[in-house]
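**Student:** Here's a structure for you.
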Amino acid sequence: MLVGGIAVVVVGADILVDAASEAARSLGVSDTVIGLTVVAIGTSAPELVTTVVATIRDERDIAIGNLLGSSVYNIVVILAVTVLATPGGMTVPDDVVRVDLPVMVAVALVCIPAFLTGRRLSRLEGALFVISYCVYLAFLLLTRT
């Protein structure tokens with residue numbers, strides 16, 4: 001069941017990313033916006049499923065470990081391997097440096113007090129995170145398409 005579940009999640013995420021990327025390109029959306037939205041959501045789908053299932057099964061330590069572990073892994077290992085595999089390094093677009101990287105740092109900083117206040121996140125805090133992400137997505141779509 002584990003292998004089948006992993007396969008279904010991976011194949012589903014792959015289909016989602018491919019279809020959404022093609023649709024976005026046909027609408028003239030830039031590759032940066034596709035990466036920041038469609039690819040990010042599609043590649044995070046397995047973490048979302050794993051975290052929700054772990055939370056439902058009252059395995060919250062696994063859920064938090066998965067979220068933090070995948071975030072650190074994506075930034076440190078995936079970014080590093082990508083840069084190492086690119087001859088001459090990678091050029092980061094100006095809009096990513098000016099907007100998206102500061103947003104990423106700000107979100108990480110906002111998470112610190114949220115996780116330390118009684119070490120419990122409320123539904124309100126969760127809703128605020130979801131709303132914040134929706135605002136960020138709207139900003140990307142309105143300013144970069």
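The values are calculated or read from the model by the stated rules, or taken from the named source; none is laboratory data. Just so it is clear, the structure is predicted and the values come from calculations on it, not from any experiment. Heads up, the Cβs are rebuilt from the backbone with ideal geometry, glycines too, and the neighbour counts pull from every protein chain shown.
**Student:** Mind checking whether some residue in region 45-57 is over 15 Å from the mean Cα position of the chain (by Cα), at pLDDT below 80 and exposed (fewer than 14 other Cβ atoms within 10 Å of the Cβ)?
**Tutor:** For region 45-57, residues over 15 Å from the mean Cα position of the chain (by Cα), at pLDDT below 80 and exposed (fewer than 14 other Cβ atoms within 10 Å of the Cβ): absent.
**Student:** Report yes if some residue within region 11-20 is touching a Leu at 6+ places or on another chain (Cβ under 7 Å) and either charged (D, E, K, R) or surrounded by 14 or more Cβ atoms within 10 Å (Cβ to Cβ) (or both); otherwise report no. Before the answer, list the steps.
**Tutor:** First pass over region 11-20, keeping only residues touching a Leu at 6+ places or on another chain (Cβ under 7 Å): none.
Among the residues of region 11-20, not one is touching a Leu at 6+ places or on another chain (Cβ under 7 Å) and either charged (D, E, K, R) or surrounded by 14 or more Cβ atoms within 10 Å (Cβ to Cβ) (or both), which makes the answer no.
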